[in-house]
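J.: Pasting a structure below so you can have a look.
Every number in this text was worked out from the coordinates using simple rules, so none of it is lab data. The structure displayed is predicted, hence computed values, not measured ones. In this analysis, Cβ positions are derived from the backbone assuming ideal geometry, glycine residues included, and neighbour counts consider all displayed protein chains.
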């Protein structure tokens, strides 16, 4: 498939997802009672369907989740002028945030109800400069290991032509979430 076809498919998928998200609750944080009974994968799927709020940072930094399955999450981002560093290329923090989202959400899909995680380590390697001339990029996170106390994942940030812009790894601590308090 050519770069143009990949980009065309990516843009069509983006429009479909944004239409669903526009009908949902918008950016925000789900209430504990909304998600306490759900696995991480169920939470991510509900968010993608527009049934739960999505993270406000996605709107701020112009990216969105486009696919989830057990152990995998894909985010799509639009590098823009607001993301440029003084040298005229996309700031490394934008790369890192997009990759961290894919990594963390991939780990999240492996969490049973009542379990959570937090990033303990994030390593990002920027291998090619990115400018707004690249209309979209995708960060695909995949879980390498998910155990009772520790999870690891890897991600790649690529353009529609398959060009690699960055890759990353994470180590997450896994734990029991506090029980929901009763009024």
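J.: Considering (1) in contact with a strand residue (DSSP E or B) (Cβ under 8 Å, 6 or more places away or on another chain); (2) part of a loop (DSSP other than H, G, I, E, B); (3) over 18 Å from residue 175 (Cα atoms), say which one residue 98 fails and leave the rest.
T.: Among (1) in contact with a strand residue (DSSP E or B) (Cβ under 8 Å, 6 or more places away or on another chain); (2) part of a loop (DSSP other than H, G, I, E, B); (3) over 18 Å from residue 175 (Cα atoms), the lone unmet condition for residue 98 is (2).
J.: Just give me the residues in the range 61-77 being within 13 Å of the chain's Cα centre (by Cα), in contact (Cβ under 8 Å) with a residue 40 or more places away in the chain and not in a strand (DSSP E or B), in sequence order.
T.: If the condition is that a residue be within 13 Å of the chain's Cα centre (by Cα), in contact (Cβ under 8 Å) with a residue 40 or more places away in the chain and not in a strand (DSSP E or B), then 71 is the only one that fits.
J.: Yes or no: residue 25 part of a loop (DSSP other than H, G, I, E, B), over 30 Å from residue 145 (Cβ atoms) and either free of Cβ contacts under 8 Å to residues at least 12 places away in the same chain or out of contact with any strand residue (DSSP E or B) (no Cβ under 9 Å at 6 or more places or on another chain) (or both)?
T.: Taking the combined requirement at face value, the residue does not satisfy it.
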